[in-house]
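First the structure, in the form of C-alpha cells, and then the observations on it.
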Amino acid sequence: MRYTKNKRDANEGAIVEYLRKCGYYCWLMVAPCPFDLLVWRKGVPCFVCLEVKTAHGRATEAQERFWEWTEGLPRYFVRTPEAALAAVQAHC
C-alpha cells in the first residue's frame, strides 16, 4: 500500500497551539496512522485521538474504517480549537 506525503490541515497549527496553552500534550501522527493528533494531559491516564478537518474536509476510507473498528474509544473529528478542547475535556 502506498501512502501520500503527510499534508497537514491549515487549521491544525491553531488547534495544537490552543490545546498546548490549555495544558495538553499533542503528538502529531504520520501516515499510515488514520488520525492526526494523539492528545493527553500529564498525569491523567487517558489519550484522545483527533482527526483535524478543515471546514469542508471529509474522512478518508481508512479513517472511516478506523472509526468503525474503534467504536467506543475517545476519537473525534474536529475543525476548530474550541471543538478540540471540548473533545479532550470530555475524556481527560
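Throughout, read-outs are computed from the coordinates displayed, never taken from laboratory work. Remember, predicted model here, so these are calculated numbers, not experimental data. All Cβ positions, glycine included, derive from the backbone under ideal geometry; neighbour counts span all protein chains shown.
What residues of the stretch 3-44 lie in the reach of a label at Glu64, counting those whose backbone N is under 18 Å from a point 7 Å from the Cα along Cα→Cβ?
Only 34-35 pass the distance filter.
Among the aspartates and glutamates, which fall within straight-line cross-link reach of Lys7, defined as a Cα-Cα distance under 16 Å, with same-chain neighbours fewer than 8 residues apart omitted?
Asp36, Glu51
Between exposed trypsin sites (Lys or Arg not before Pro) in the chain, where DSSP calls loop and at most 12 other Cβ atoms lie within 10 Å, what's the longest gap? Present the calculation step by step, with values, prior to reporting the outcome.
Numbers: sites that count: Arg2, Lys5, Lys7, Arg8, Lys42, Arg58.
Between the exposed loop sites, the longest stretch runs 59-92.
Compute the relative contact order of the chain as a whole-number percentage, counting only Cα pairs closer than 8 Å that sit 6 or more residues apart in sequence.
Normalised by residue count, the contact order of the chain is 29 percent.
Averaged over every viewing direction, what's the projected area of the C-alpha convex hull for the stretch 35-92? Give it in nm², one decimal, please. Walk me through the numbers on the way to the answer.
Numbers: hull surface 16.0 nm².
The Cα convex hull of the stretch 35-92, projected and averaged over all directions, gives 4.0 nm².
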